[in-house]
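One structure below.
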Amino acid sequence: MHPTGLRRSQSPNKRRRVMNEEKGDGGGSQQASSPSASASASASAAHAVVVPAVPAADVATDSGDALPIAEKRDEILKAVEENQVVILMGETGSGKTTQVPIYLHHAGYTSKGVIAITQPRRVAAITVAHRVAQELSSQVGDLVGYSVRFEDVTSAATKIRFATDGFLLRDCVRDGDFSRYSVLILDEAHERTLATDMLFGLVKRLLVAGKRPQLRVIVMSATLDPSKYGGFFRSAGVVPLFGGARGRGAGGVGCVRIVRIPGRQHPVEIFHTPAAEEDYVEAASITVMQLHVEQPPGDILVFLPGQDDIEALQQLLEDKRVKLDRLRRHPSPSDPLPPSWQSSSLDMLICPIYAALPVDQQVEAFRPTPPHTRKVVLATNIAETSITLPGIRYVVDSGKVKLTTFNPRTGVEMLLRQDVSKAAAMQRSGRAGREAPGQAYRLFTEADSQGLADQTPPEITRADLAQIVLQMRAYGISNEESFPFLDAPKEGALDKAVKMLQDLGALDNRGLTDLGHRLSGLPVVPMHGRLLLDSMEFGCLEHMLSIVALLSTENVWHHTLTSERKADKERRKRVSTNFRRLAHPDGDHLTLLKAYHRWNEVSDKVGFCKEHGINHHALVRATKIREQLQGLLVRLLGDVDMAAHTQAAVGKDEQWVSIKQCLAKAFFLNAAKLMPPTRKYRTEYGRQEVHVHPTSVLVERQSLPQWVVYNDFFQTGVGKKLYIKTVTAVEGEWLVQFAPAKFTAAYVKD
DNA sequence: GTTAGGGTT
């Protein structure tokens, strides 16, 4: 037992063996070291591995010739000249994202067309465009520009165009041959986003068809296995192995070449636990406290799978922080601090960060750490790829992540907590070495780390593909089974998507219907598109634009789950009361709309959001989406007269009715029927018993509506409850009226 | 009684 009582305060009955602490002997030769051991003479016991790490977005902090990539410049240019496809393997800080487009520009590729560089995230596309523009002494939107949703900062002069992968994928509908581009660069390919994977397939089709012999394709990736991409393009049938590199003559267009770029990453020592941890939250709290009191200054980044764990760990650490502070001020003879803990007097600042956290709270993690303080950031995998935090020297990795998988047979989405892949664990560990040598403490064993999957399964194998199949049909790809996927979707996933689109009326025996064409032009899931298109006949277009925009926006509400700090309790109560006042008893769609209307009316929007548990940023984003959708509908349907499709004159209740009717019509595939005397529902599709998610306004009701439609359908784990979320009451007779093929009067009555 | 992270002419 540890003498401070800091550990005892948590779980007295459980034995913990974090970082070898329990052994107290520095461990055997096969065991990972504790932080204290690594700092002492027994450091030789450490099972340390030095790894390179991969960056979030490969934005090097310095530029030009100092970068490691500079020495590869000629090799890269030669490879691009001689090969149609070049794969660049680049590690952290290699500068490939900024430098490769510049090399190509100076080599004349911009005189033959535009260089496009895709990024999985908008922030990366925008910031890299600014950096490259600066290096070329140009203004963004001139020679160098970027194209992301809501923002297309390009002009006729733009020759280097950074874009999100999703934007470029959309762009393909207009220009399937990428005819304006001389070079297409798929950056961060190892992330294997849905959009990047689709671009892979579209590019391969183009190369196979031989339509663009002059086009050059560069895949930039940090993955450990470049041969996967190489094999994919070589099997296009036009590409001899390695071209000139293996002495097969001149090489020539149509070849694939792999170039490795050295990185610039500080070494990171990696430690594993000697034994498996049952409770990674508690294990993390112990490890963080040990690092905090025993290690030199430097911030700590803890990776956890979700918000609930972050809040639980935050509570544990706050308690320990307070206790440590008390023991430092008032040493207790019966509970003395060990000598090694007395040298440090750093305070601890705990900062949670996850996507659903409102931005004003997220920024705390980015602020400079105050003097005499150690920042401890508790993060989901948002800190693995999307954001880079300064000052991190220590990483604590739970080894867990939440991943969605879509079951095509049942239609259920499942968000499962599971082990990270080797690649993700490396990425996480590498976060300790961005600015200086660092250390990573993994809360799993060396043996377990060997058993991890190499890569996280790509999104295309885990997603609902309805929207993707709709897009493919719009490109003219009628047989999606023969599409050259880098990794094929799950068995049955494409069939399921086709079936769903048929049920929705987007596809028939002849292919894409008129409705399908219209739906494919809207940047929303097909069912949301139908809400918009159906809304005109119900006279609720304006309202439905708002609802669909809100449904397209993640994290409108900010719910705190577990930790209830006393100081916040009053505020929570107030927020909860305010929310109930705002809620519409008939459902969550209507409640979202009410909240949005109120938000639009009030002058202090930020204050309103704080007092109602709303994420202000989400509503700002919803407003942008709404404007975009409105503009698209006008173009799609001709001169849509908003007023004519909105019954402004009718009473409020009648408006609510028409909105609910529209929901019933467009969402009949997501209808569910109450199963009295329980409070459960049964879905129409799949006939599965589901619970209304506890965040729904419906759970407040004494008597539940007989019929509802829902937006989300998911399960929180294997064998766990099924939930429907964002749920609104409808009348059974509306389902009969609007979806007679699926519902009969007798059926809905009983 | 409580879903990770991205992204869209």
Residues being under 28 Å from the mean Cα position of the chain (by Cα) and in contact (Cβ under 8 Å) with a residue 60 or more places away in the chain - total across the stretch A:689-709:
3
Tell me which strands (runs of 3 or more DSSP E) are completely within the stretch A:312-400 and hold 2 or more residues being away from DNA strand B (no atom under 13 Å from the Cβ) and polar (S, T, N, Q), or say none if there are none.
none
Just checking, does the stretch A:525-532 include any residue being over 30 Å from residue A:228 (Cα atoms), of a type in the set (Val, Ile, Thr) and touching a Gly at 6+ places or on another chain (Cβ under 7 Å)?
no
I'm told residue A:214 meets every condition in (1) in a loop (DSSP other than H, G, I, E, B); (2) at pLDDT below 80 except one. Can you identify the failing condition by its number?
(2)
Pairs returned, first residue in the stretch A:130-158 that is in contact (Cβ under 8 Å) with a residue 60 or more places away in the chain and more than 19 Å from residue A:180 (Cα to Cα), second residue that is surrounded by fewer than 15 Cβ atoms within 10 Å (Cβ to Cβ) and acidic (Asp, Glu), beta-carbon separation under 9 angstrom, 6 or more apart or interchain, are A:150/A:627
Selection count where residues are under 17 Å from residue A:196 (Cα atoms) and more than 13 Å from DNA strand B (Cβ to nearest atom), scope the stretch A:473-491:
8
For residues in the stretch A:422-471 being among the acidic types (Asp, Glu) and in a loop (DSSP other than H, G, I, E, B), which is nearest to DNA strand B (Cβ to nearest atom)?
A:464
Count of residues meeting criterion [within 13 Å of DNA strand B (Cβ to nearest atom) and more than 26 Å from the chain's Cα centre (by Cα)] in the stretch A:281-311:
0
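Quick grid of which residues meet (1) in contact with a Lys or Arg (Cβ under 7 Å, 6 or more places away or on another chain); (2) within 15 Å of DNA strand B (Cβ to nearest atom); (3) among the β-branched types (Val, Ile, Thr):
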residue: A:123; (1), (2), (3): no, yes, yes
residue: A:127; (1), (2), (3): no, yes, yes
residue: A:134; (1), (2), (3): no, no, no
residue: A:144; (1), (2), (3): no, no, yes
residue: A:159; (1), (2), (3): no, no, no
residue: A:166; (1), (2), (3): no, yes, no
residue: A:176; (1), (2), (3): no, yes, no
Within the stretch A:292-311, work out how many residues are closer than 21 Å to residue A:366 by Cβ and part of a helix (DSSP H, G or I).
4
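Evaluate the following for residue A:124: is it at pLDDT below 95, under 21 Å from residue A:624 (Cβ atoms) and crowded, with 20+ Cβ neighbours inside 10 Å?
Numbers: at pLDDT below 95: yes; under 21 Å from residue A:624 (Cβ atoms): yes; crowded, with 20+ Cβ neighbours inside 10 Å: yes.
Yes: the conditions hold for residue A:124.
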List the pairs whose first member sits in the stretch A:275-286 and is more than 17 Å from residue A:320 (Cα to Cα) and at pLDDT below 95, whose second member is assigned to a helix (DSSP H, G or I) and of a type outside the set (Ser, Thr, Tyr), and whose Cβ atoms are under 6 Å apart, counting only residues at least 6 apart or on separate chains?
A:277/A:283
Just one of A:219, A:203 is touching a Phe, Trp or Tyr at 6+ places or on another chain (Cβ under 6 Å) and among the β-branched types (Val, Ile, Thr); which is it?
A:219
From the list A:176, A:231, pick out the single residue that is outside any loop (DSSP other than H, G, I, E, B) and modelled with pLDDT under 95.
A:231
Residue among A:503, A:514 that is within 14 Å of DNA strand B (Cβ to nearest atom), at pLDDT below 95 and farther than 30 Å from residue A:222 by Cα
A:514
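The values are calculated or read from the model by the stated rules, or taken from the named source; none is laboratory data. Here the structure is a predicted model, which means the values were calculated and not measured. Ideal geometry is used to build each Cβ from the backbone, glycine not excepted, and the neighbour counts take in all protein chains shown.
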